[in-house]
Amino acid sequence: MQAARFILLGAPGAGKGTQAKVLADRYGIPQISTGDILRAAVRNGTPLGLEAKAFMDAGDLVPDSVVVSLIDERLEEGDAENGFILDGFPRTGAQAAALDELLAARDTRLDVVVSLEVDEEKLVERLSGRLTCGACGSMFHKTYSPPKMDGACDKCGGALIQREDDKEETIRRRLENYRELTAPLIDYYAQKGQLKRVDGMQDIDEVTRLVEHALGRN
Ligand code: AMP
C-alpha cells in the first residue's frame, strides 16, 4: 500500500513540519499544517488570526471548532483530492473524531498515522534553537540547519526570528498540552490499527527514510 492520506503525529519539535515539507514535495501532495495556516492568519490580521493569537502566544490550543472548520475548508481545495499530509492536526480526541467524520463525508479514509517519537530533552533543544522566517515561515535551527547568512532566510531573505511560542516557558506549556491532550491519540489510532511508530531522534534524512518505510514507499 502506498499511503497518500496520512497524519504526522508528534510533539512540538518532533519534526512533523520538516518531514511534511520533504514528503509533500516528493509525492506532489499538499502539507496541511494548521499551525502554518493560523500563523499566516495572524500575520495578515484576519478575524481568524485575531481569535487565535492569544491562544498561540500562550502555548495553548486554539478551540477545536476553529481548527476543525479550517480543515474542513482546506480539504475542499482541489489539491487535496488525491492525498494530503496532516501536520499538527488532529491534536485532541474531539478533533480526531471530527476528522473521521469529515473524511467519511468525503467517502475516504486515512491510510496511516505516523507517530514521530522523540525524547522530551531533545524536543526542548530543537524548539529553543529554532529560527523561523517572519516573511515566509521557513524554518532553520541554530545548530542543526543554520541559515547560510546569519539572521536571514535562505529562501526569501526575510529576517529570522524566534517564534513567540518557541520561548522557554511557552515551550513547557506546549509540551504539557501535548502530553495531556494530544498524546492519547497515539492509542486512539493504535486501536484502530492505523498507527506506525517512527524513531524521530535520527537526523532528518534518516527520519525521512523511516517515515517512507512506514508509508510503504520504500
Ligand atoms: P504548530 O506550528 O503546529 O506547533 O502550532 C502552533 C500553535 O498553533 C499551537 O501551539 C496552537 O496554539 C495552534 N494550533 C496548531 N494546530 C492546532 C490544532 N490542531 N488544534 C489547536 N491548536 C492548534
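Of the residues making up region 30-57, those that are of a type outside the set (A, V, I, L, M), part of a helix (DSSP H, G or I) and out of contact with any helix residue (DSSP H, G or I) (no Cβ under 8 Å at 6 or more places or on another chain) are 44, 47, 55.
Check region 33-42 and report whether any residue there is over 26 Å from residue 214 (Cβ atoms), of a type in the set (D, E, K, R) and at pLDDT 95 or above.
For region 33-42, residues over 26 Å from residue 214 (Cβ atoms), of a type in the set (D, E, K, R) and at pLDDT 95 or above: absent.
Whether any residue in region 176-190 is out of contact with any Leu (no Cβ under 9 Å at 6 or more places or on another chain), assigned to a strand (DSSP E or B) and away from the ligand (no atom under 16 Å from the Cβ) is what I want to check. So far as region 176-190 goes, no, none of its residues is out of contact with any Leu (no Cβ under 9 Å at 6 or more places or on another chain), assigned to a strand (DSSP E or B) and away from the ligand (no atom under 16 Å from the Cβ).
Every test in (1) assigned to a helix (DSSP H, G or I); (2) surrounded by 15 or more Cβ atoms within 10 Å (Cβ to Cβ); (3) not aliphatic (A, V, I, L, M) is passed by residue 13 save one, and that test is (1).
Between 166, 111, the distinction of being among the acidic types (Asp, Glu), closer than 23 Å to residue 55 by Cβ and surrounded by 16 or more Cβ atoms within 10 Å (Cβ to Cβ) belongs to 166 only.
Residue-level check: of (1) touching a Leu at 6+ places or on another chain (Cβ under 7 Å); (2) within 22 Å of residue 56 (Cα to Cα); (3) loosely packed, with under 14 Cβ neighbours inside 10 Å, residue 159 misses just (1).
Here's a check for you: in region 58-96, which residue that is in a helix (DSSP H, G or I), among the small types (Gly, Ala, Ser) and within 13 Å of the ligand (Cβ to nearest atom) is farthest from residue 185 (Cα to Cα)?
By that ranking, first place goes to 58.
The values are calculated or read from the model by the stated rules, or taken from the named source; none is laboratory data. Since we're looking at a predicted model, the values are computed, not measured. Cβ atoms come from the backbone with ideal geometry, glycine included; neighbour counts cover every protein chain shown.
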